[in-house]
Structure formats: C-alpha cells, structure tokens
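Below you'll find the structure, written out as structure tokens, and then a few comments.
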Amino acid sequence: MNLTELTLTELRTALRQGETNSVAATQAMLDRIVEQDNDIKSYLTITDEMALEQAAAADKRLANGDQSPLLGVPIAVKDIIATKGATTTAGSKILEGFVPPYDAFVVEKLKEAGAVILGKTNTDEFAMGSSTENSGYFTTRNPWDLARVPGGSSGGSAAAVAANMAYGALGTDTGGSVRQPASFCGVVGLRPTYGRISRWGVIAFASSLDQVGTFGRTVADTTALFQAVTGYDRRDSTSLDVPAEDFEAALTGDIKGLKVGVPAEYFVEGMDAEVETAVRAAIAQLEKLGAEIIEISLPHTQYALPVYYLIAPAEASANLARYDGIRYGPRIEGADMIDSVKQTRALFGPEVKRRIMLGTYALSAGYYDEYYGRALKVRTLIKQDFQNAFEQVDVIAAPTSPTTAFKIGERADDPLSMYLADVLTLSLNLSASCGLSVPCGFDSKGLPIGLQLIGNTLQEATILNTAFAYEQA
Amino acid sequence: MTEYEPVIGLEIHAELMTNSKMFCGCKVVDSVEAEPNTAVCPVCLGMPGMLPVINRKAIEYAMRVALALNCTIQHHNIFARKNYFYPDLPKAYQITQYELPLGRQGWLDIDLESGESKRIRIRRVHMEEDTGKLTHLDGGGSLVDYNRSGVPLLEIVSEPDIRSGEEARAYAMKIRQILRYLGVNAGDLEKGVFRVEPNISLRPVGSGEFGNRTELKNLNSFKSLADGTAFEIARQTAVLNSGGQVIQETRGWHDTKRITFSQRVKEEAEDYRYFAEPDLPPLYIDDAWIERVRADLPELPEAKIGRYQAEYGLSAYDAGVLAEEKEVAGWFETAVAAGGAPKSLANWISNNLFQLMNESKQAITDIKVKPEMLAELVGMVKKQTINNNTAAAVLAEMFVSGETASSIVAAKGLAQISDEAALVDIIEQVLDANPDSVAAYLGGKEKLRGWFVGQVMKATRGKANPGLVNKLLVEALEEQE
C-alpha cells in the first residue's frame, strides 16, 4: 500500500480496518514533506514531534475500536489558524515566533475528531493575496508547475494537499482564498456559509467576510473534513446555531431535477478561452446527469471587486492595529514607547500596509459615506442578487478563476491585476452563500481548471453532492 | 460689559459591578487592590483570533440605569468599533455604541440650593468597555495593567443644561445615588469607578450659540467637580472680558493648587473611524425584556422620600436623610416592619445611631445593632419601660455588644420604676431628708421642684419614670402644706 496515494476517506477505512496505522501514515506524510517541500514550500512550520505523538495516541484508540471521525488522519492547518503550543504567524513577520496559548475552534474540533496535525501551511500575510507571494516568509510553488503560484491566500494548504503532503487541509476564504488556490492546484476546496464554522482562534483579516474552509483531494475528503470542523460555538457571536447535518450521507450522486443557474456575468471578458470551454463542458456534464440548466443574471457582479476592496481593508485596518509588539509577538525597541510601536509595525509587508491605508481612508471622517458607507449599501444589492437567483435555481455554476495558475512574479508588481484573480469568487463572501471549487480538467499547459459551484445559505450539502456527482461521472 | 452664561454638559463614565467583564469571562476586580494583570485572558488582551461575546447582565444593568433616568430604550442595538491607538487599549479599538445608544432622551430632576427643582435632560446612555491602566515610570518606561481592560463601562451624557458648578455637583451626586441604589456601581470617584467630565463653555446671556468649550478631567471628588467647574467659568469669563478667546482644549484639575491647567489642545476633532463591530450581530432588546427589568427596579430615592413623608409623616429633611443611601433606607424599613414607630425610629437612626456609626467608622451594613433590635428599643421607650436617657445608654451598649435592649435592661435592672407605691416611698424619704428645702418650696421657691425630681432620679439611679415622679412629687408636696 502506497500510503501517500490514499485519499483521506481511503486512509480512514484502512486505519479502522487495521490495514495500516496512524504512525505509519503520519511518517509517510513527514517523509513526503522532507522529499517534496524543499521545492514546493507549502509548510511554514512542521509539527513533526507533536504529530507523531498524536498519531501514536490515535493508534491506541484505533486498537480499541474508537470510531472518531478523523482518528489518526494527518491534516495540515493554514498558519492563520491558532494552534496551542505551535507557532502561528498568519504569514507575517509581525507574528514571527508567536505561540498562542489557545487552539482555534476548528483545531479543537480536529483534535476531538482524532486528527493528527502535521504543521502550519504558508499563506499570504494575514490572508491578503491570491498567490502566497505576499507571505512574509517565502512563496509557495504550484506542484503542477514550480514556476507558477499555487493561488492564495491558502496556497500552502492547497499545494500540500495537491502534492500528497497532507490528506486534507484547513484554509480560510475571505474573498476566494480557498476556492481559487483549490482551482489552481487541482484539488477540491469548500468555502462554507458565513457563520457555519466558528472563527474563534482564526486570526482576523476582514471579520464580516472571513470563514474557514476545507481542502481535499476528493469531494468526499473535503466533506469529511468539513463535517469534523463545523458546528456552533458560543464564543463566536456570528456562529450560526443550526441543527447538525450529516454531510457525508448527503453525497448520493443523484442530482436529477437539480436546477443549475449559469450567470452571464461570470464569463468575463479577458478570461482564458480554455477555462470557459472546460467550465461549459462541466456544466453540460451536469445536464447529462439530470440537472436543468438555467441562464441567470447576477447584475451587480461588476461592483463586487470595488465593494470588497473597501469593506475588507476597512475591517482589516481595525483588526491589524493591535500588532504593536507590546503584549505578544516581536518588539523592536525604539527611542520611546511610540517609536517602538512604529518600528515594530514596519514588520508589516507592503500589501498589508497598502490595505491598512486603504481601509483607514475609507473609514475616515468625510470619506466614510462616499466609500465605506456606500460599499455597505452595494453589498446589500449583491446579497439581493444571490437571493433572487436562489429563488430560481438550487446551485450556481461558474468558473472559479478566469485563468489558470499564473507565473510567480507575473502579477506581483501590479496589485490590480492580482485583485482580478478573485473577481469571480469574492461576490460570494459579500453574500450569505456558500461555494466550492472542484477540478474540471486542464488547459493546454497541463494546469488545472476549477468549476465553482455556489449554493444558497447553509446549502453546503447541495453543492457538495453536485460536485460529488460531477466528480463520479 | 457683556454678561455671560455658563453652558455645561456632563459626561459620566461608570464601571458596572457585574461578576464578569463585558466581552469575556474574566472577573471584574478592584483595579486598585488586585495584583496587576491577574484578571486577564486572551480576549481582554486582544490576542489574535479572539472574539467578544456580550455580557447580558451588563446590558441589564445598563437598562436599569437608562430606565431609572427616564430614557427610551433602543430595541435594535448596534455595537461599533471606536478606533484609536494607545497602549492601554489592547485591540486598538474600543467596542462601544455610536449611532444607536441603548438609552436616549431621558431626564433627571435635581434639587437646587434655592429649594427649587431643575430638570436636566439626558442625551444618551450607552454601553462600552473600559481600557487598561498605564503607569509611566520616573526613570523612563511604562507599565500597563489590563485588569480593567474590558470591564463594562456605562457612559451617561447630559444635554448642556447645567449652569453652575453647584448644579454640576447636584446632578452628578444624584446620578451616583441612583447607580448605587440600582446596585450597579459603587460610586467611588477616587478609585475611578465613577468618573465625571464636564464640558464647559460660556455664551452671552440670551445667545443661542455655543462658545468654545473646555473639557475638564482629573476630578476625583464632587467638591473638585464643583470647584473646578466654577474655576473654569471664572477663568473663561476673564479671558472673554479681556477680549481673548477661549481655546478648545482638555484641561486638568490640580487638586492641591485648586486650578485648571491645559492638558491637550484639540485643534481638530479626533477621527475615530467608527464602524459597526462585525464580530457582534445587532443586539435586539424586546419589550418583554425591558418590562422584566423595569419590574425589577428598586424604589428610587425620590419615590422613597415622597413615601416616607406621606406614609410615615416624616419631615422632608428626615426622609431625605434616611433615603440618602439604599442600605440605610433598607435598614429603616426593616425596623418599621418589625413594629417600630417610624418617626421615633427616624430620630434614633439619624441622631444616636449615626453618631455611633461615625465614631466607630462603621457602615450600617456592618453594625451589630440590627433593625429589629432598634425597633424593640423604641417600643420599650414608648411603653415607658425605660426613659429616653436610659435608652440612649442602652443603645450605646447594644452597639458595642450586640445584645438586645431587653436583655441589657433585664441584666442591669434598668427597667423604669413606674410602681406608684415604690416611688411614693422614695419621694417621702427625699422630702424627709430635706426639710429645709421643703420649707423653702412651700415658702414660694417653686423652682426647687426640679431639684426634688433630680434627687428622686438619683435615688433610683435614673430608672424612675420622670412623668410619674413629677406627678407624685407635686401631690406629696401639696400634702406637706
């Protein structure tokens, strides 16, 4: 049995049946990381000792017939998610060496489910970016072509899963940061409804948009991981107290009669022809599987990008003001207290500084109404677009990204072209919808293409089953 | 010369005495007494990824205050981030209420020295969180204590209806009294749990416009509030009369020099970049919740004073003295419920008991004399078991020992002698022993009657019923004629 080739759900079965053990699977992943990650650079921190301890403990429980959902399964965690006792930097120099005294809710849930945590994956600094090039440490490379980006900001997680360096991974998606790297790396990435997963312990970028998401090599893997980390948490006041669902059982593969909407606005000018062809072919496949395809319109889509780049930086400007070196994280001593704070803050990277300034400006007196205030109003219109669409259809199908993975450095000096990488994903974050990206073929350069499926509020089961049906066909 | 009118509004910040902080489970501790940074957690330290959860008890406390101050309660409450940087503010923003405060459009009537009453309008009552405390060391460097960070803080903002330092004091004292009655704040200015900051400006009498205002800080007593405000009014008047302009600034009160001094000049309004706190969904307060809180409100001082006059026939002054503090009022009411005559109780409390408390520096909640015990004592006086003088001595002893009046009276044989036969015997002994005085009395020196009473009291060691002695003495002297 080649342990690195197994999917999460296959490994789970093998572990339960005693065909292998967690220490072996964990060691296989750690060996694979040693072998591959010098090139790919998906991990910022490898928690090998902790992982092997967790694996040994899991093996004892497995031997006793413990059926915990992820017992013994090695998982990677994006470095913006707090892990007790393990460095958590959010990809920023300003949190270099920061070891939180708490686990994020999702990490508590992983541990509860018996998962083994392999390490912390690279991310654009504070999740601000679409390529991992804004990481304060290094750029992760796309396993399909090392000259290209893996997407971002959860590029480390996507690359680790794609290169078989983890059986699944957690990411966060504020404007597409799970779906877009999933698309670029040819894996499945789910961004659940806002509030579905507690944000407790997730380092904030834009609080009203941030949501944890899951990566897997298959839809079933992604679903199993999502099932394990979802749930209400009273420590997050925006967490939704909704009845538990069995998402894995919902993967029937039956989508007969499903109404799939195709929004004209998502086939934008300037998108790769090969992406459009692959996505349209995937939609045709859904039709073959019994879905009804309906042309729809999301008329305010063109405003999503400017709205997002007012709201997200505005919230970020407040969220990031706490990093002053006084209570935690590195501190650069200056002439006096204020000087120390100024020098410490110089540890922020250029994109983070740009967004802090953008957000501060959008909120400032005299500009609030024109920028932030107006963005909130248009956000309501964008939400309304989705609500209207979901009166007609069950699922919206579209490309995840207008292009496949671009080259490292290609867009690094042009923030606007970088922002456009998320143009098809960020509307969802402004609404109350959920979405995922599932691989739907390759372009002529052999780079993966992603099909984006968007569902109504809390309809994760519907989009996961649609993706599952497509994947199985 | 132009005549100026002071225009004063007060901002009051009061920490709420909840068990836990506003947005986390940390205990609210006395920030003067507690070891620094012992009541803190990742949430109130603003650590990465931590989130606030609203303390509903704090909301209820705030509702109590808003209702007591006759405010309209906001149903749809939004919390906002007030962004500013200072090392005592761990998140670099304070969670507060901005556009939609919890309470609006209230009022409070205050009593002026003239005896008239004046209504001060209240603009808003809102919830926020307190900051930590920064201490700058003499040798350079600063220390920060986050025990206070995240403690529920209530802000009460008046309309600019106040016209003098005395009015400011009366208003602030009444607010404090209400907060203490509501059990939400200890009212300690020295410890900073109750902070008063007046905004003071002048305008020509009759003008509708506002002049440049100064904001006064560091007021750690009500006297400082009255004096500081009066000082500012005088200072601004002098500036304007000399043709100058008042600078819009924050001024501190120097408690020993009794002057105000410039702390910070506000050239332009600070930009706090308020926006709705995305980590907290709107808080909805429905009518049922409001009515529950309203029904649980205790009787407030004003209502108590009215009731004491109407129900117990107390004077306005006595009623005011008893209602001043909730604990005293409660003590008094328990004593009344135990059967004591209200008027007598009022006298005993405001004279003898308060004196004993002052001398021993004890609060009414600490003393050994319980309300039922004073009721018994008052009853014994009324039944003439003991006279007033004995009762005062008995109370002093009760205060020390905690014994009941009846046991002290029994143990010491202090019961008043009201037995006529016994008293007649004693009177006759006194008259027999003092034939000269009897002769003098009968010769017209009627003033000697008091002396005879004294002699009888002396013979009974003060236990004789004085009224009865008087009556029997007169009869006995008449018989001598």
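Please treat every number below as a calculation from the coordinates, not as lab data. Since the model is a prediction, treat every value here as computed from it, not as a measurement. Heads up, the Cβs are rebuilt from the backbone with ideal geometry, glycines too, and the neighbour counts pull from every protein chain shown.
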Over the stretch B:54-132, calculate the relative contact order: mean separation of alpha carbon pairs under 8 Å at least 6 apart, over the residue count, as a percent. 31 percent
Roughly how many Å is it from the Cα centre of the stretch A:272-346 to that of the stretch A:412-473, as a whole number? 14 Å
Alpha carbon centroid spacing (whole Å) that separates the stretch A:348-382 from the stretch B:355-410: 70 Å
The stretch B:380-418: trypsin sites (Lys or Arg not before Pro) in DSSP loop, at most 10 other beta carbons within 10 Å: B:LYS383
Residue-averaged beta-carbon neighbours from other chains (10 angstrom radius) around B:39-47: 4
Could you pull out the trypsin sites (Lys or Arg not before Pro) across the stretch A:229-329 that fall in loop regions by DSSP (anything but H, G, I, E, B) with no more than 13 other Cβ atoms inside 10 Å? A:ARG234, A:LYS256
Take the cross-link list B:LYS383/B:LYS458; A:LYS120/A:LYS377; A:LYS78/A:LYS288; A:LYS60/A:LYS93; A:LYS377/A:LYS407; B:LYS133/B:LYS257 and give me the ones stretching past 31 Å between alpha-carbons. A:LYS120/A:LYS377; A:LYS78/A:LYS288; A:LYS60/A:LYS93; A:LYS377/A:LYS407
Is there a quick way to get the dipole size of the stretch A:350-437? I mean about its Cα centre, with the Cβ of Lys and Arg at +1 and of Asp and Glu at -1; what is the value in debye to the nearest 20? 240 debye
Which values, in whole Å and largest first, are the semi-axes of the equivalent ellipsoid of the stretch A:3-229 obtained as the square root of 5 times each eigenvalue of the Cα gyration tensor? 25, 18, 16
Cα centroid distance between the stretch B:53-126 and the stretch B:415-441, in Å? 71 Å
Please rank B:GLU3, A:GLU315, B:GLU420, fewest neighbouring Cβ atoms within 10 Å first, as an exposure proxy. B:GLU3, B:GLU420, A:GLU315
Scattering profile of the protein assembly as shown at q = 0.05, 0.09 Å⁻¹ [log10 I(q)/I(0), Debye over alpha-carbon scatterers]: -0.45, -0.99
Mean 1/r over all different Cα pairs, inverted: what Kirkwood radius does the stretch B:1-160 give, in Å? 17.3 Å
What average number of partner chain Cβ atoms lie no more than 10 Å from the Cβ of the residues making up A:193-205? 2
What aspartates and glutamates could a cross-link reach from A:LYS342, if we take a straight Cα to Cα line under 18 Å and drop same-chain neighbours fewer than 8 places away? A:GLU96, A:ASP324, A:GLU333, A:GLU351, B:ASP88
Value of relative contact order over the stretch A:132-270, rounded to a whole percent, pairs C-alpha under 8 Å and six or more apart: 18 percent
Relative contact order of chain B (C-alpha contacts under 8 Å, at least 6 apart) in percent is 13 percent
Summarise the partner chain shielding of A:100-109 as one whole number: the mean count of Cβ atoms from other chains within 10 Å of each residue's Cβ. 2
